[in-house]
1. From the alpha carbon gyration tensor of chain A, can you work out the equivalent ellipsoid semi-axes (sqrt of 5 times each eigenvalue) and give them in Å, largest to smallest?
2. Please work out the C-alpha center-to-center distance from region A:167-190 to region B:154-183 and express it in whole Å.
3. How big, in percent, is the set of alpha carbon pairs in region B:11-218 lying more than 30 Å apart?
4. Taking the mean number of other Cβ atoms within 10 Å as a proxy for protection, how do you rank B:158-171, B:20-33 from highest to lowest?
5. So how compact is region A:54-215: Cα radius of gyration and Dmax in angstrom?
6. What nm distance separates the two modelled labels at A:Ser371 and A:Glu342, each placed 7 Å from Cα along Cα→Cβ?
7. To the nearest 500 deg cm²/dmol, what mean residue ellipticity at 222 nm is calculated for chain A from DSSP H runs of n ≥ 4 alone, each contributing -39,500 (n - 2.57), summed and divided by the residues?
8. Which of the aspartates and glutamates could a cross-linker bridge to A:Lys264, judged by Cα under 13 Å and excluding same-chain residues fewer than eight apart?
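Readers should treat all values here as calculations from the given coordinates under stated rules, not as data from a laboratory. Being a predicted model, the structure only gives us computed values, none of them experimental. Glycine also receives a Cβ, built like all others from the backbone with ideal geometry; neighbour counts cover every protein chain displayed.
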Amino acid sequence: MAALAGRVVLREAWLPLCRGLCRAARPRSLRQLREADEAAPVFQYAGKAARRKDRVFVWGFCHSGALGIPSFVRPDAGWKKPRRVQSTPYRLETEEKICSAACGYGFTLLSSTTTDITKVWGMGLNKDSQLGFQRSMGDRNKGYEYVLEPSPVALPLAKPQQTRVLQVSCGRAHSLILTDSEGVFSMGNNSYGQCGRKVIEDETYSESHVIHELKEFDSRVVQVVCGQDHSLFRTKKGAVYACGWGADGQTGLGHYNITSVPTKLQGDIAGVNIIQVASYGDCCLAVSDEGDLFGWGNSEYLQLASVTETTQVNVPRHLPFKIGKIKEAACGGTGNMALTEEGNVFVWGYGILGKGPNLMETAVPEMIPPSLFGWSDFNPDIRVARIRCGLSQFAALTSK
Amino acid sequence: VTGPRFRRLRMGAGHRLDAKASGVMVLGIGHGNKLLTDLHNCHLSKVYTVGGLFGKATDDFSDTGKLVEKTTFDHITREKLERILAVIQGTNHKALLMHSNIDMKTQEAYEMAVKGLIRPMGKSPPIITAIRCLQFVLPEFQLEIHCLHETQQYLRKIVHEIGLELKSSAVCTQVRRIRDGVFTLDDALLRTHWNLQSIQNAIWDCQLKVKREIEKTLG
């Protein structure tokens, strides 16, 4: 009893000293926790209308400036070193949303469907004016030979604030720009007539202001494709026109000479409605609306060996592959790829084809197992949606 | 059940489940302990259903922890969530190929990749082999995760990081293992079935499966 009384006295003696300063931490009840939760402030990091900005990523060989990031070639900080290769995708900042991009041999073109005056940007090698005339800041009469940053390409448009650029394409030393109402513009090297204008002897292509407008087509051009030294145009009616170097038959016009004016292709394509054309090196493929595949051009790597033994085919030939209805085709430097309606990918040609190290060349298309693209019992509805080819690499975009 | 035959039983546990998670847990009895080590060396993947809640962030990433922050989440759509899941799966796929120590240039590596059999056969950090969204009703969502060498706390951390990537925050409400190698929910015994007869039946049913899997993987 005495002990109890003593304790009570002690507590009352303590209380006035620590009035309001410190209280023992009792475990809070569930209701108190819930009230504290609700009373906490709510932070907002992204509003309901937040949209993801469209991004452009670049990777590859840096020395030509084609990646568009000047610090890869000329470091602007002391710790940066000029790098030769950018092996992982690196974000490139652009002012507008880029809708179409094309890689050439050491240069790149980006374009957007805006109605502003600047619609196309170019970077990289400009020794043949494949990026147009880039006026030098130092000397107003000279142009740049290497462009390290995306720089506007000035196009001679009749209505610069209404025309939209739909697509760009780049070859070895020339480029093509497709607009919606003013046809196709070509610039760059024309020594084989690939720009669609008459070849002028001893023309200097560097620092040239010439941008040629191509108009000799039966209907509106909807796709432009640049091969290494030739150009292909696909019109709305389903016809294909070609110009440029033809020594491998890649113009498909029945001869092996150069063509300086876009001419319509005949052969197995005549009368067929073509929905897609592809080319990269010296071989060309075309897909018709019924899912048939036509090919012409170089066949040294067995790309067209299923129909002919010759290594150069100068007339479009139908390729009778029994792989299903073809949706899209892509040509690489030595190998070709086709995508069918079911989402299967077939490869043929020479080089690293994607079927293991043992398969180096094949004339007949081989299917790549869908499990390599992420298909499994767990994920059965993944499909390949688009395919593209580089010089010795293949790329596929899946639907998820 | 007692009796002279049932004393001195040695039991071992397979991959552990922590206190807040639930689901399939494999136990070995007597001679089964040796099979347990073999199963562990097979490195088969485990499947979890993980439930999450947007809008809160806590210190231990689950909904019973101390609140750190509350955020809005009405800008999150299923498409954005699936985009983040695809990124997670992609980086984990790269880690999978790196830790499985296979020379990618050989024909055997190609054939294994076609069948989907590439996985790390030794020690490795937690790797997610597949992840997908089962349900998405704001603010709750449910994911199915196939993973290797993970802990439940790692899965809760993944949920927290998904919340951060989506410019909001998330806590994990539920972690449930639905498959551990060859054992699925159908083979598991409920609390009411913890008696001798059911245990014997379960062991008998699983024997064949376990033997086949060990033979297939360890050769």
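1. Working: eigenvalues 692, 179, 79 Å².
Those come to 59, 30, 20 Å.
2. Going from one Cα centre to the other spans 50 Å.
3. Numbers: 6679 of 21528 pairs.
Pairs farther apart than 30 Å: 31 percent.
4. Working: B:158-171: 21.8, B:20-33: 16.1.
Ranking the peptides B:158-171, B:20-33 by packing returns B:158-171, B:20-33.
5. When restricted to the Cα atoms of region A:54-215, Rg and Dmax are 15.6, 51 Å.
6. 1.7 nm
7. Details: 3 runs with 30 residues, N = 400.
The helix-only estimate for chain A comes to -2000 deg cm²/dmol at 222 nm.
8. A:Glu216, A:Asp218
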